[in-house]
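Every number here is computed from the coordinates shown, using simple stated rules; none is lab data. Source: prediction; values computed, not measured. Cβ placement follows ideal geometry from the backbone for every residue including glycine, while neighbour counts extend to all protein chains displayed.
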Amino acid sequence: MTNPDEVTILLGQMSAGSSTAPEELLPLVYDDLRRLAHAYFSNENSDHTLQATALVHEAYLRLVKWENVSWQNRAHFFAVAAEVMRKILIDHARKRNALKRSGGQRIVLDDAVSLPDKKDFDILKLEEALVALEVVDPRQAKIVELRFFGGLSIEETAFVLDISETTVRREWTFAKAWFQRELTR
């Protein structure tokens, strides 16, 4: 993991409008962004047409183009990066499904934050369920996003959301049960 203080300083400079901060920030966050992207792709079909490197680059470009963003710290940046990557993958899946018009299969969230070995699932159905959970409990939705899509551990999720690990474990358990109920309807 990168030095949180150095990243936070550069994020502050970006928020202040520095034109050089994004170039200085990229080498510091690139490996962590790749780790996030690989976590996303571990949940995708092996024949996915989008590559992890492309996902990292697209997400980074979107993140640094935002104006009037007040980045709080490294954790805030990576929480938003996870959300941006998820949205890029959802958009990609929607475009792909518009061409294919194929159905998906049941999704199982397990403690290992992975999908069944087949890796065949309907990411759009998962997205709909995540949006519905966001209405019911935004924090649980964020935990699912960080754990499932972002591949973060309980400890990392607690750090990003600034809550206790016990709270993350409890909310993660409830969220998995909620998803199981929603996705089997």
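Observations, loosely collected:
- Gain in span if fully extended, ALA54 to ARG35, counting 0.36 nm per residue against the direct Cα distance: 5.5 nm
- Pairs spanning more than 22 Å between alpha-carbon atoms, out of LYS87/LYS125; LYS95/LYS176; LYS87/LYS142: LYS95/LYS176.
- The modelled label-to-label distance for the pair ARG139/GLU24, using points 7 Å beyond Cα in the direction of Cβ, is 3.6 nm.
- Theoretical gain in end-to-end length, LYS65 to ARG170 [0.36 nm per residue, Cα-Cα removed]: 34.2 nm
- Three-way shape label, the stretch 125-185, alpha-carbon gyration tensor, a/c 1.5: prolate
- The stretch 60-84 and the stretch 152-173: distance between their alpha carbon centers, rounded to Å: 20 Å
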